[in-house]
């Protein structure tokens, strides 16, 4: 994905992003299991965000909102498999489309992925 510097987000879009972040965070808090990663550990996975966006296992888009919501999901295998989810919005300007992250989290559980991965699969395998 192309990276852009100096992109200005209009005030009404910034307000919408703030509302969506609160909504998604509430959903996450309500769904997270006690044996999953805690919020305090999410920052330990921030170095993986570019890879999750550039080489996701799946991309899902939901166009039912004021702005398209896009979810990038990547599973990282290892001693303990986990998924990273980067949820954001697509904003178009005169030059291109820009992805603006709203919420990033990691989880050990597929159920949480399904909760946030609703919409049309635009890349990656379909879930049955």
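Being in a strand (DSSP E or B) and more than 15 Å from the chain's Cα centre (by Cα) is the filter here, so list the residues in the stretch 82-115 that pass it. Full working, then the answer.
Applying the first criterion (in a strand (DSSP E or B)) to the stretch 82-115 yields 82-92, 97-107.
92, 97 - these are the residues of the stretch 82-115 that are in a strand (DSSP E or B) and more than 15 Å from the chain's Cα centre (by Cα).
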### Query
Does any residue of the stretch 11-28 turn out to be closer than 25 Å to residue 93 by Cα, crowded, with 16+ Cβ neighbours inside 10 Å and at pLDDT 95 or above?
no
### Task
Please determine, by comparing only the residues of the stretch 7-31 that are in contact (Cβ under 8 Å) with a residue 60 or more places away in the chain and not in a helix (DSSP H, G or I), which one is nearest to residue 66 (Cα to Cα).
9
### Message
Against the condition outside any strand (DSSP E or B), at pLDDT 90 or above and under 25 Å from residue 9 (Cβ atoms), how does residue 50 come out, does it pass?
### Response
yes
### Task
Determine whether residue 79 is free of Cβ contacts under 8 Å to residues at least 60 places away in the same chain and either assigned to a strand (DSSP E or B) or touching a strand residue (DSSP E or B) at 6+ places or on another chain (Cβ under 7 Å) (or both).
no
### Task
Could you list, in sequence order, all residues of the stretch 53-66 that are in contact (Cβ under 8 Å) with a residue 40 or more places away in the chain and within 14 Å of the chain's Cα centre (by Cα)?
53, 54, 56, 57, 58, 59, 60, 61, 62
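The values are calculated or read from the model by the stated rules, or taken from the named source; none is laboratory data. This one's a predicted model, so the numbers in the text were calculated from it and none came from an experiment. Glycine gets a Cβ as well: all are built from the backbone with ideal geometry, and neighbour counts include every protein chain shown.
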